[in-house]
1. Based on the mean of other Cβ atoms within 10 Å per residue, sort peptides 81-93, 150-162, 98-110 so the most packed one is first.
2. For the stretch 88-193, state the average projected area of the convex hull of the C-alpha atoms over all orientations, rounded to one decimal in nm².
3. Please list, ordered by chain and number, the residues whose modelled amide H lies under 5 Å from the amide H of Leu183; skip anything fewer than 5 residues away on the same chain.
4. Summing +1 for each Lys or Arg and -1 for each Asp or Glu, what net charge is found among the other residues whose Cβ lies under 12 Å from the Cβ of Leu126?
5. Given H placed on each backbone N at 1.01 Å, which residues far from Leu139 in sequence or on other chains put an amide H within less than 5 Å of it?
6. Local charge sum around Arg110 (other residues, Cβ-Cβ under 10 Å, Lys/Arg +1, Asp/Glu -1)?
7. Summing +1 for each Lys or Arg and -1 for each Asp or Glu, what net charge is found among the other residues whose Cβ lies under 14 Å from the Cβ of Trp87?
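Values quoted throughout were computed directly from the atomic coordinates according to the rules given, and no laboratory measurement underlies them. Please read these numbers as outputs of a predicted model, since none were measured by experiment. So basically every Cβ, Gly included, is an ideal-geometry build from the backbone, and we count neighbours across all protein chains shown.
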Amino acid sequence: MAETVTWICWGIVIATWIVGALAGMRGSHGRHQPLGDGTGWRLVSVIVLIVVIRLAGHDLRRVTDHSPWIELPGLVILVASTIFATWARIRLGRMWSAMPNTLQAHHELRTDGPYAVTRHPIYTGLLGMILGTVLLNGLGVTLALPVVGAAIVATRIPIEERLMSSAFPDEYARYRRRVPRLLPGLQLLRRPH
């Protein structure tokens, strides 16, 4: 069951992205911004990390555990995160770009729906899906996925935030103060100034 649910959830997200990308290709031309400092070393780091994890993968099989107390939370997190990531991707519509340094023509800053919960709801959803996948599939070899996912997100978020700050300076500054970057509810932990 775990493998089937995992394939269904990831299949939904992939299908949503393909349909969205095809719909967005019609008549949208994006503006590119320079990637900025540090992008190259981050990408190289991700590649090195993937290679190291791949080489260590056989040792991780020993920690596979299909206990219900691990798999049930994984199922809930995977399904909820799939819904959240799909909602965010649909809400972003034609403004989505595969490149974090690209704005689509007539780009608008989204601050409602899932974008009122977190500034990067697609990444929040995808990271949640990775965590759910790891738990639902009993840890093991999938333990490498959160590290790789976090490394990729860590390379993309600063680029996107610089782009949004440049394109929507005042509006994005207010949005950043109001909405957390990735994890909903973290602003409740901050003390008011």
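1. On the way: 81-93: 19.5, 150-162: 16.9, 98-110: 14.8.
Descending mean neighbour count gives 81-93, 150-162, 98-110.
2. Details: hull surface 31.4 nm².
Taking the Cα atoms of the stretch 88-193, their convex hull projects to 7.8 nm² on average.
3. Correct list: empty.
4. Residues close to Leu126 contribute a combined charge of +2.
5. The list, which skips near neighbours in sequence, is Asp65.
6. Cβ neighbours under 10 Å give a net charge of 0.
7. Values: positive: Arg89, Arg91, Arg110; negative: Asp112.
Net charge around Trp87: +2.
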